[in-house]
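Below is one structure, written out as structure tokens, with a few remarks after it.
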Amino acid sequence: MSYVNAITNTSLRADIVRHLTFTMGKDAAHASAYDWRMALSFALRDRIVEPWFAATRRTWETGAKRVYYLSMEFLVGRMLEDAAINLGLRDAASEALAGLGVDFSELVGEEPDAALGNGGLGRLAACYMESMATLGCPGYGYGIRYEHGLFRQSIEGGEQREQAETWLTQRHPWEFERPESAYLVGFRGEVTRLAGRAVWTPSETVRAEAHDTPVIGWGGRWANTLRLWSAKPTTLFDLARFNHGDYAAAAEPEALARTLSRVLYPDDTTFQGKELRLKQEYFLVSSALQDILRRHLAGGFALGDLPAHAAIQMNDTHPALAGPELIRLLVDVHGMEFAAAIEIAVACLGYTNHTLLPEALERWATYLMGSVLPRHMQIIEEIDAWHATRHPTRPHYVGIVKHHEVRMGDLAFVTSHRVNGVSKLHTELVKTSLFPELDALHPGRVVNVTNGVTPRRWLRMANPALSGLITRSIGPGWEADLDRLAALQPFVEDAGFRADFAAAKRANKAALAAWIGATQGLTVNPDAIFDVQVKRVHEYKRQLLNILQCIAHWQRLRDAPGSAVPRLRIFGGKAAPGYHAAKEIIRLINDVALVINADPKTRDALQIVYPENYNVSMAERLVPAADLSEQISTAGKEASGTGNMKFALNGALTIGTLDGANVEIRDEVGTENFFLFGLTATEVAERRRDPEHARRAILASQPLQDVLQMIAEGRFSPGEPGRYHGLVHNIWNSDYFLVASDFAAYDAAQAQVEAAFAEPDRWWRMAALNTARMGYFSSDRAIRDYMTGIWGTVSAL
Ligand code: NBG
């Protein structure tokens, strides 16, 4: 029994009032929802501090190995309810507040999302932090405390508009500022040699200041730290310039330094070759590694023992400077030999690859690397030479520095003892198509860790209706042992259970329908199929395929109204601000929605909605209410997907291609409980060799021809008939993502969905089996895989 369970409802209430009074300086009569939310957050945070200290103490005392998870993104979302649930205090908090006349859910809904990430990669980092805390795996997450997280999206006239996001304008109650934990991070300058050693004298320096957020695990038994760095100037102010009346110039050092932690780059699928991005990456890596070495030495350990105490995981290539930076610190600062330093680096580091898209693989021009990080450029060349000497038979084109570019994927690979892909298929492709030569030189280095999602947030918290049913059926405890969901399987044959399962879904759909009514002004039928595609908007994810099929479906409905099962197609997601093709797809979806939703003939059978600003909190609304999960990427392009896991866990059926983790989800839930369609990764590669593939596919499908014709004629953009000429031209003539080639199969799979939904007995059996068989996709399992296969750490619980 954890100590937090001993804390009673009454003392929680007293603490809320105390924080309202003494921390917020308000009395109950004048307190706003914001004041109450702060008071509650502080009262809960107080209860995290104790287990947090205890965990830290335990780690120091036992000298346990720690994991350091380096990530440019942590897409945490809201923290209040998650903390309350993990502490086991959700109901106590709600009751305590009710006694004070305050509504818990109102406070929860008032909290801004911490949107320090773009999509799957950042959300994965957040799930992994929570699972590490749940499993008692000692660790730190290191990231950047962006003042502005991912931009806010609005949809105006069907088009995406971007606004700066402002999560930090209000007080952020979960973090502790650590002005004393600060490091200097340098840029530019020159490298000289002194007594045979390199001496780097940077010409620009900023201070990295730590902000710590405790991350509490399930049951409140362990807490780790998410340490986010904020950039500060080394000199606050240029007093001489100020005294000369040059106020703007006087503030310049501060403004420049702050830029480093000002914004999150709004793209995770293309490589941003921007100097500021490189500086941000180094800022994170350098402050983290200085902190890691300081902690290691403070423990009284020798530097040579670092691998026994620190596992450093690079979340994609963004922190790939970790190798060179660790070597620099060991060699230049601590006087170690290069050969010993690189062995240590490799033994500590691991690299997770999250994408095969060539445009996302970071490559920095050597002139840029050489001028921003002159010492690191030297070290990278040394690493390259070291690797070449160790592998004299390697093909000549293997190398980190090639064609005046530093290839960060190769750098991360060479400096890590393990490289992992994020699903079975993806890992295979990492070996065969991304790093075939390096894989051959380092057999066994590439391993697979299929992604996972935390069941606490994505089932227990987001879906109380289904969680309640699960607990009533199989008892408590499945939240931290998700394989236990398998015990639901026998219930699936019970008509009463299926009815309860359907009722839970129906309640979630009704709640979503009410929200759509209130926010979108659209009255929707909660008995329709709720068909959801939410994720970043990208050509490879093929929101276009979805909307084209929607139009074809609408045409058929017009010919035979009343024939179909009613459907609500829900889209959500942001496009990178500079990604024209993706923004055009958003506009097309919204243009089509306007026309279709206004059609009185089909309105009862088909509606489309695109709520703006999709984020973690919106996902928590949509996932529990979905009947159908759209996972329709071009095979070979989606490394894993994690939304696919959240939906299936919540009893949505998947319509999807054999891509990423879809493959494993289908294996787990059963092929008969998954709507499969489309070309496989191998077939995609073959099909692309035919220059006529798109034309051929279009000519073979009358419905597709008609759809493209309607778009080209301006049926959905009457004021500007030529609006989508470019898009249609592209489908006919290039269609790199094979929308046309997969159209007919997708259309047929959608018909199967309808047929299945029309038979409730069958549908709810399939849906419940999805929930029962998704245990494997818990992030606890994924973290255990990392612990044994990559980090060599053990639970401290
Ligand atoms: C994304 C992939 C997803 C995957 C997540 C988490 C990047 C670079 N990659 O398929 O596109 O689920 O990473 O692994 O964001």
_Every pair of residues 6+ apart whose Cβ atoms lie under 6 Å, when the first sits in the range 254-283 and is β-branched (V, I, T) while the second is within 14 Å of the ligand (Cβ to nearest atom) and assigned to a loop (DSSP other than H, G, I, E, B)_ = T269/L357; T269/H538
*Tell me, please, whether a residue that is surrounded by fewer than 24 Cβ atoms within 10 Å (Cβ to Cβ), on the phi > 0 side of the Ramachandran plot and away from the ligand (no atom under 14 Å from the Cβ) can be found in the range 135-145.*
yes
*asked:* Looking only at the range 61-109, filter to residues that are of a type in the set (G, A, S) and under 27 Å from the mean Cα position of the chain (by Cα); which one of those is surrounded by the most Cβ atoms within 10 Å (Cβ to Cβ)?
replied: S71
*asked:* Looking at (1) outside any helix (DSSP H, G or I); (2) aliphatic (A, V, I, L, M); (3) touching a Phe, Trp or Tyr at 6+ places or on another chain (Cβ under 8 Å), which one does V447 not meet, given that it meets all the others?
replied: (3)
*Just a yes or no: is a residue in the range 253-261 within 23 Å of the chain's Cα centre (by Cα) and under 30 Å from R536 (Cα atoms)?*
yes
*asked:* Which numbered condition in (1) over 16 Å from G220 (Cα atoms); (2) among the acidic types (D, E); (3) open to solvent by 20 Å² or more (accessible area, probe 1.4 Å) is the only one that D46 fails?
replied: (1)
*When you look at T23, is it under 30 Å from S286 (Cβ atoms) and either free of Cβ contacts under 8 Å to residues at least 40 places away in the same chain or out of contact with any helix residue (DSSP H, G or I) (no Cβ under 9 Å at 6 or more places or on another chain) (or both), yes or no?*
no
*Residues of the range 640-657 classified as open to solvent by 10 Å² or more (accessible area, probe 1.4 Å) and either within 13 Å of Y540 (Cβ to Cβ) or more than 14 Å from the ligand (Cβ to nearest atom) (or both), total*: 1
*Among what's in the range 616-633 and is buried (at least 24 other Cβ atoms within 10 Å of the Cβ) and among the polar types (S, T, N, Q), pick the residue that is nearest to the ligand (Cβ to nearest atom).*
S633
*Does E428 satisfy the criteria of being in contact with a helix residue (DSSP H, G or I) (Cβ under 6 Å, 6 or more places away or on another chain), within 16 Å of the ligand (Cβ to nearest atom) and of a type in the set (D, E)?*
no
*So which pairs qualify, if the first residue must be in the range 568-582 and among the β-branched types (V, I, T), the second must be modelled with pLDDT of 95 or more and open to solvent by less than 30 Å² (accessible area, probe 1.4 Å), the Cβ gap must be under 7 Å, and the two must be at least 6 apart or on different chains?*
I570/F530; I570/D531; I570/V532; I570/V609; I570/L622
*Quick one: L544 ticks every box in (1) under 34 Å from the mean Cα position of the chain (by Cα); (2) open to solvent by less than 10 Å² (accessible area, probe 1.4 Å); (3) among the aliphatic types (A, V, I, L, M) except a single one, so which number is it?*
(2)
_Cβ pairs under 6 Å, 6+ apart, first in the range 38-50 and closer than 15 Å to R78 by Cα, second open to solvent by 10 Å² or more (accessible area, probe 1.4 Å)_ = M38/M24; F42/H19; F42/T23
*Would you mind finding the one in G477, G468 that is at positive phi and open to solvent by less than 40 Å² (accessible area, probe 1.4 Å)?*
G477
*Can we say R178 is part of a strand (DSSP E or B), over 30 Å from L482 (Cα atoms) and touching a residue at least 24 places away in the same chain (Cβ under 8 Å)?*
yes
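Here's the yes/no breakdown for (1) over 30 Å from A782 (Cα atoms); (2) open to solvent by 10 Å² or more (accessible area, probe 1.4 Å); (3) more than 16 Å from the ligand (Cβ to nearest atom):
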position	(1), (2), (3)
G300	yes, yes, yes
G304	no, yes, yes
P307	no, yes, yes
N315	no, no, no
A322	no, no, yes
*Give the residues of the range 378-435 that are part of a loop (DSSP other than H, G, I, E, B), over 30 Å from W200 (Cβ atoms) and touching a Ser or Thr at 6+ places or on another chain (Cβ under 8 Å), sorted by residue number.*
V422, S423
_Residue count for the range 339-372, restricted to those that are in a helix (DSSP H, G or I), open to solvent by less than 20 Å² (accessible area, probe 1.4 Å) and within 14 Å of the ligand (Cβ to nearest atom)_ = 1
*asked:* Looking at the range 642-655, I want the residues that are in contact (Cβ under 8 Å) with a residue 60 or more places away in the chain and among the small types (G, A, S) and have a partner that is within 13 Å of the ligand (Cβ to nearest atom) and open to solvent by 10 Å² or more (accessible area, probe 1.4 Å) with Cβ atoms under 8 Å, at least 6 apart or on another chain. Which pairs are those?
replied: G643/G120; G643/K535; G643/Q631
*Would you confirm whether any residue within the range 486-507 is open to solvent by less than 30 Å² (accessible area, probe 1.4 Å) and among the basic types (K, R)?*
yes
*Taking G149, is it open to solvent by less than 10 Å² (accessible area, probe 1.4 Å) and away from the ligand (no atom under 14 Å from the Cβ)?*
yes
*Keeping to the range 664-682, report how many residues are over 13 Å from Y776 (Cα atoms) and either within 15 Å of the ligand (Cβ to nearest atom) or of a type in the set (K, R) (or both).*
1
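The values are calculated or read from the model by the stated rules, or taken from the named source; none is laboratory data. All values derive from a computational prediction rather than experimental measurement. Backbone-built Cβ (ideal geometry, glycine too); neighbour counts: all protein chains shown. Note: areas computed on protein heavy atoms with side chains; ligands, DNA, RNA excluded. Shrake-Rupley method; radii C 1.70, N 1.55, O 1.52, S 1.80 Å.
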